[in-house]
Amino acid sequence: MKKLAFILGAGLLSLAFAASSGLKIGTAAPMADHKMMDISETKMSLNDLKKDNGLLVVFSCNTCPWVIAWEDTYPELAKMAKENNIGMVLVNSNAAKREGDDSLGKMQVHYKKAGYTSRYVVDKDSKLANAFGAKTTPHVFLFNGKMELAYKGAINNKFDTREEIPTQFYVKDAMQQIAKGEEVALNSTQEKGCSIKRVKR
């Protein structure tokens, strides 16, 4: 409860609650062949990481309180994605913090500390985030086997009440549905999190 109170405290961080205007449901994943550096210092693209039933893309970072409050779910999502033959990647687009908290070195440390099991890549100059219209950390985009957007928004409804206990599991439900070849019943929800720290031009 303390964690939730901290997140919801006025003025502690920049929040983005507006509905995302970005990619429309059914749109093909942009920049799918664009190579990004993983924490293993190997370059890979979304197409390299997708599996037969699709790809889960989570825009994330190292220090956002919203990410920290949700990141214990990441290994669960990675496990479920694997079971449903879906790839998963965490994308760090905080270009304005690349020399500090969101450097590759800090990402490598945080990856181990947080117990991540999926790939974690650097989105240089926020190019992928810009192409997706990603706004927050976290912000989720789930693609089906044709790499068409099937779901976008939040991971679950953990912060829709002050109880900090989710009752709706948006991403898990969507993964199960696309693995069965079904349409995603709830294909868009409101993203919640810290604003992605883009470099101002």
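Just so it is clear, none of the values below were taken in a lab; they were calculated from the coordinates. From a predicted model like this one, the values you see are computed outputs, not experimental measurements. For neighbour counting, all protein chains shown are included, and Cβ atoms are generated from backbone atoms with ideal geometry for every residue, glycine included.
For the pair residue 188 and residue 131, label points projected 7 Å from Cα toward Cβ lie 2.1 nm apart.
A straight line joining the Cα centroids of segment 160-183 and segment 72-98 runs 15 Å. For the chain, hydrophobic long helices are taken as DSSP H runs at least 18 Å long by C-alpha position along their axis with mean Kyte-Doolittle hydropathy of -1.0 or more; none is present. Computed packing ranks the peptides 96-102, 140-146 as 140-146, 96-102, most packed first, by mean other Cβ atoms within 10 Å. The mean sequence distance of close C-alpha pairs (under 8 Å, at least 6 residues apart), as a share of the length of segment 2-195, puts its relative contact order at 30 percent. Neighbour counts of other Cβ atoms within 10 Å put 127, 158 in the fewest-to-most order 127, 158. Among beta bridges from DSSP that stay inside segment 25-176, the antiparallel ones total about 60%.
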